[in-house]
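Structure first, commentary second.
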Amino acid sequence: MQFELLTLSGTKYSGEITEVALKTVSGSIAILPHHEPFTAIVVAGPVAVRQNGADEELFATFGGIIEVFDNKVRLLADEAEHADDLVESEIEDALARAQATKDGVKDKGELHRAQQLIDRHAIRLEVARIRRRRRSH
């Protein structure tokens, strides 16, 4: 089936795949060829793209919408980062800084922004660790 991962900054992935796995507001799902048409809201988390005979492609995404129709899957994501672009030690440092910032906030707006940053770095770290574990096997 054809898969596209599109963000505001452009196409992050486009090609033939055998499966895509991700999280929606209703839970985790895997989409295989000839899946029934549907549309769903995607929540922030890892997106795994699999091809026959190829390594899995892994992305950290931060929300969006998925459409499945005519053996095509289109994920319109707010943002997406390929796992190969994530450096675990840098993300750990950024997460620690975000958590320290949250501890010193003065109002609800700052608290909300700090928590969003923490959540973003936590997802990035999760994807970086998944990639490391899979490559070590």
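Of all residues in the range 37-48, those that are in a loop (DSSP other than H, G, I, E, B) have Cβ atoms under 6 Å from Cβ atoms of residues that are among the aromatic types (Phe, Trp, Tyr), 6 or more apart or on another chain, in PRO37/PHE69; ALA44/PHE62.
So that you can scan it fast, the table gives a plain yes or no per residue for (1) more than 15 Å from VAL47 (Cα to Cα); (2) touching a residue at least 24 places away in the same chain (Cβ under 8 Å):
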site: GLU79; (1), (2): no, yes
site: SER89; (1), (2): yes, no
site: GLU92; (1), (2): yes, yes
site: LYS102; (1), (2): yes, no
site: ASP107; (1), (2): yes, no
site: ARG132; (1), (2): yes, yes
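Listed conditions (1) without any contact (Cβ under 8 Å) to a residue 12 or more places away in the chain; (2) farther than 30 Å from LEU117 by Cβ; (3) part of a strand (DSSP E or B) are all met by ILE29, apart from (2).
Going by the conditions given, is LEU32 under 30 Å from MET1 (Cβ atoms) and not polar (S, T, N, Q)? So LEU32 passes the test.
Inspect all residues belonging to the range 58-75 and state whether any of them is in contact with a helix residue (DSSP H, G or I) (Cβ under 7 Å, 6 or more places away or on another chain) and of a type in the set (S, T, N, Q). No, the conditions are met nowhere in the range 58-75. Scanning the range 89-135 for residues that are open to solvent by less than 50 Å² (accessible area, probe 1.4 Å) and over 12 Å from ALA60 (Cβ atoms) turns up ALA94, LEU95, ALA98, GLY104, VAL105, GLY109, ALA114, ILE118. Condition check: not β-branched (Val, Ile, Thr) and not in a strand (DSSP E or B). Does GLU4 satisfy that? Answer is no for this residue. One residue alone among LEU95, LEU75, LEU58 is of a type in the set (A, V, I, L, M), assigned to a helix (DSSP H, G or I), closer than 26 Å to ARG135 by Cβ and under 18 Å from the mean Cα position of the chain (by Cα), and that residue is LEU95. For the range 51-73, which residues satisfy the criterion of being modelled with pLDDT of 95 or more and surrounded by fewer than 17 Cβ atoms within 10 Å (Cβ to Cβ)? Hits for the range 51-73 are ILE65, GLU67, PHE69, ASP70, ASN71, LYS72. Taking PHE3, is it under 14 Å from ILE123 (Cα atoms) and either open to solvent by less than 10 Å² (accessible area, probe 1.4 Å) or in contact with a helix residue (DSSP H, G or I) (Cβ under 9 Å, 6 or more places away or on another chain) (or both)? Criteria not met by PHE3.
Under the condition of being farther than 21 Å from HIS35 by Cα and of a type in the set (S, T, N, Q), the residues counted in the range 48-66 number 1.
The values are calculated or read from the model by the stated rules, or taken from the named source; none is laboratory data. The shown structure was predicted, so the numbers you read here are calculated from the model rather than taken from an experiment. Reconstructed Cβ throughout: ideal geometry from the backbone, glycine too, with neighbour counts over all protein chains shown. The accessibility values were calculated without ligands, DNA or RNA, using every heavy atom of the protein model including side chains. Shrake-Rupley method; radii C 1.70, N 1.55, O 1.52, S 1.80 Å.
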